[in-house]
């Protein structure tokens, strides 16, 4: 399967995007490559990606997908930029824009960035600098401009901030620089060929053709050292989800719900630590947890205060352990809490769970766990949340739903 991340550079109506085995996706953003539909032997063609509209795709996400045996091809836009940066690690670059980045002839995101329509159609509203440069080169070749005048126009157009570099802005720059003849020539060329000078489109088409031909498949970089940092693990865990009962649920949300609301999770966490001790993932010999604990501390501390494994929610066995006590009612509650959080985001643009006040999350934990503020560290540790500060951050995503649920319960009691 060939997964093509494309937006303004190519229209979805391009015939090549309807070829068998091609899956067309919107511009890539952070976490898109964690999609379980992208598997070993597949090819990802990265053309477009978001910049200001949302978190951008990280380099390590590309390295991670390549380490799973996926060929990564980049061209035209952010794909060309990332391919130039990651070529030493096996990413395949295609086209003249990629080559210019790789040689250092151009640099910076603003070379390929465009303003996009806000309606989800991903239409380009502005001219990217790489296309303007190419058009100026064509004008010099056609003797409409000389090299000095073309360089002056390019510098003037570069000075326009990329979301404002519209067709009207380009014409205004031409008038200001007394280059109306070039503007008229460009208009005529565009009337004859709507894609005239569109270097990004040409490179994107070349990349998709290369993927269909299997180019670069031999360079799929299996076994790459991804660098599983704390941040990378956080991103990957946040991307894991599962469709349960017709509803897409975040696995991380489900685990946090169990950690906070299931009284039996303390016992489950202790059992999970025992399992890890007897079956370590690093190939070291297994041993009973009590023995490992005695070696580490002499047995003076509980296991949950000593061992803090970093969870990988992509691992099915780990998820099975952590969600062993989950009920259908729990899953419904997770879905309801997630919807309350989503509703808050829709009504308050820019709102995220991190913005929830710490004291509200602490109050939730104290109330649910039936403990004092001073006991939060101990309670959090016993549930795999390490310390109170970690429990507070994890619980923030539950606060809006919990408060709404509490209001409903209080209203029902008042009615009776």
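Take the residues in the range 108-127 that are modelled with pLDDT of 80 or more and surrounded by fewer than 19 Cβ atoms within 10 Å (Cβ to Cβ), then tell me which one is farthest from residue 73 (Cα to Cα).
Taking the range 108-127 and keeping what is modelled with pLDDT of 80 or more, we get 109-114, 126-127.
Subset that is surrounded by fewer than 19 Cβ atoms within 10 Å (Cβ to Cβ): 109-110.
On the way: 109: 18, 110: 21 Å.
Going through the qualifying residues, I end up with 110.
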Checklist entry - Where in the range 250-345 are there helices (runs of 4 or more DSSP H), lying fully within it, with 2 or more residues that are over 19 Å from residue 393 (Cα atoms)? => result 265-278, 289-297, 303-306, 316-322
Checklist outcome for this item: Scanning the range 65-83 for residues that are part of a loop (DSSP other than H, G, I, E, B) and surrounded by fewer than 24 Cβ atoms within 10 Å (Cβ to Cβ) gives 68, 69, 70
Checklist entry - Since residue 23 meets every condition but one in (1) in contact with a helix residue (DSSP H, G or I) (Cβ under 9 Å, 6 or more places away or on another chain); (2) over 21 Å from residue 129 (Cα atoms); (3) not in a loop (DSSP other than H, G, I, E, B), which condition does it not meet? => result (1)
Checklist entry - Which residues, counting only those in the range 9-25, are more than 17 Å from residue 92 (Cβ to Cβ), at pLDDT 90 or above and in contact with a strand residue (DSSP E or B) (Cβ under 7 Å, 6 or more places away or on another chain)? => result 17, 21, 23, 24, 25
Next on the checklist: Just to be sure before I move on: is residue 135 at pLDDT 85 or above and under 18 Å from residue 156 (Cβ atoms) in the structure I sent?
Outcome noted: yes
Item to check | Among the residues listed as 38, 62, the single one being modelled with pLDDT of 90 or more, in contact with a helix residue (DSSP H, G or I) (Cβ under 8 Å, 6 or more places away or on another chain) and outside any loop (DSSP other than H, G, I, E, B) | outcome: 62
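Among 375, 339, which is the only one that is surrounded by fewer than 17 Cβ atoms within 10 Å (Cβ to Cβ) and either closer than 29 Å to residue 301 by Cα or not assigned by TED's automatic domain parsing to the domain that holds residue 258 (or both)?
On the way: 339 fails: either closer than 29 Å to residue 301 by Cα or not assigned by TED's automatic domain parsing to the domain that holds residue 258 (or both).
Result of the check over 375, 339: 375.
The values are calculated or read from the model by the stated rules, or taken from the named source; none is laboratory data. Since we're looking at a predicted model, the values are computed, not measured. Glycine also receives a Cβ, built like all others from the backbone with ideal geometry; neighbour counts cover every protein chain displayed.
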